[in-house]
Amino acid sequence: MTKEQFCELLRKELGEESKITPETNFKELSSFGSLTSVLVLQLIENELGTTLNPRSFRTIKTVNDIAEVVAPEVFS
């Protein structure tokens, strides 16, 4: 999966109308709220096959950050 494909899945999951890029800060999304981190963590688990500790998610702000934490080789 590419970062761009993951961004599109994330956009659909969050119901975001604007495009999400690997550099998009989650907190800047119009759909950002208390459940955003839960939805993103669930998407990571379902689509990338890995689980992140919710505490480690606090440092994640963008899809690029997800790639660095999960492992760059997950994204082709």
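Per residue, how much space in cubic angstrom lies within the convex hull of the C-alpha atoms of the chain? Present the calculation step by step, with values, prior to reporting the outcome.
Details: hull volume 5.9 nm³, N = 76.
It comes to 77 Å³ per residue, whole-number rounded.
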Cβ density ranking, 10 Å radius, fewest first, applied to Lys61, Lys12 yields Lys12, Lys61
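How high is the relative contact order of the chain? Use alpha-carbon pairs under 8 Å, at least six apart in sequence, and give a whole percent. Don't skip to the end; give the middle numbers.
On the way: 66 pairs, mean separation 28.7, N = 76.
It rounds to 38 percent for the chain.
When the helices in the chain are scored as -39500 (n - 2.57) per DSSP H run of 4 or longer and the sum is shared across all residues, what 222 nm value do you end up with, to the nearest 500 deg cm²/dmol? Could you put the intermediate results ahead of the total?
Numbers: 3 runs with 33 residues, N = 76.
Computed mean residue ellipticity for the chain: -13000 deg cm²/dmol.
A short reminder: the numbers here are calculations on the coordinates, not readings from a lab. Predicted model only: the values in this text are computed from it and were never measured. All Cβ positions, even for glycine, are placed from backbone atoms using ideal geometry, and neighbour counts span all protein chains on display.
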